[in-house]
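Worksheet for the structure shown next.
The values are calculated or read from the model by the stated rules, or taken from the named source; none is laboratory data. Here the structure is a predicted model, which is why all the values come from computation and not from measurement. Please note: Cβ atoms are built from the backbone with ideal geometry, for glycine as well, and neighbour counts cover all protein chains shown. Surface accessibility is based on the protein's heavy atoms, side chains included, excluding ligands, DNA and RNA. Shrake-Rupley method; radii C 1.70, N 1.55, O 1.52, S 1.80 Å.
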Amino acid sequence: MKFFSALIAVAVAAISIPVLAQTGEGSNAFDQKFVTMAMQSNNTEIDQAHAILAKHPNASVRLFANTMIKDHTTASSTLGAIAHSLNLSYPNSHVQTGSSTGAGTPPPASGSGAVMSTTSARSYMQLQVKEHNDAIALFQNEARNGGSGQLRTFAADTLPTLKAHLAMANQYLASGTITPKPTPTPAM
């Protein structure tokens, strides 16, 4: 009987090792890719928002752009701190995180370095719908499959904000206006 108990214990341990390697606090290449892509996405959103603010007087578009700057700056700061704590590298961002790998850079000057080929409000919002759908898929994947619990939580907590951004862009495309809504505050 002791032999079977010991055998079962060894079998359970052998099965558990790969599961722990995938779901433990340790980060992996999957997490590294998420951090890089998410930080690049945040930087792009901030650059595009600055570019549209420099050229577009529409109050709804300006509300949206300012929301993008505020929320994506916050997300970059939080993500940078998590990545730093996990010893993951990440692209330079528009926020200072205290990490040597994520040195802050100022927003681009009006029109310089912006990654948007058009300043039409409708084109900007169409681009935002595409980019936020892509970001939602990226964050959902990390929330489900990430190796780091910190990154899975960050991704899950950020999803409501990304979905609110998507709803705002869709609202603009449907009506030409955006009703100000508070951005969900992630539970951190």
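Computed quantities for the displayed model
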quantity: Unique match (being modelled with pLDDT of 95 or more, over 20 Å from M168 (Cβ atoms) and surrounded by 19 or more Cβ atoms within 10 Å (Cβ to Cβ)) among M39, M125, M68; calculated: M39
quantity: Counted residues, segment 72-89 - those being assigned to a helix (DSSP H, G or I) and either open to solvent by less than 20 Å² (accessible area, probe 1.4 Å) or without any contact (Cβ under 8 Å) to a residue 24 or more places away in the chain (or both); calculated: 10
quantity: Pairs, first modelled with pLDDT of 95 or more in segment 166-185, second of a type outside the set (A, V, I, L, M, F, W, C) and assigned to a helix (DSSP H, G or I), C-beta under 6 Å, six or more apart; calculated: L166/H132; A169/Q128; Y172/S60
quantity: Test: residue in segment 28-35 that is assigned to a helix (DSSP H, G or I), surrounded by fewer than 22 Cβ atoms within 10 Å (Cβ to Cβ) and at pLDDT below 95; calculated: yes
quantity: L7 being farther than 19 Å from A135 by Cα and at pLDDT 95 or above; calculated: no
quantity: Matching residues in segment 128-146 - criterion: being open to solvent by less than 60 Å² (accessible area, probe 1.4 Å) and either under 11 Å from M37 (Cβ atoms) or among the acidic types (D, E) (or both); calculated: E131, A135, A137, L138, F139, N141, E142
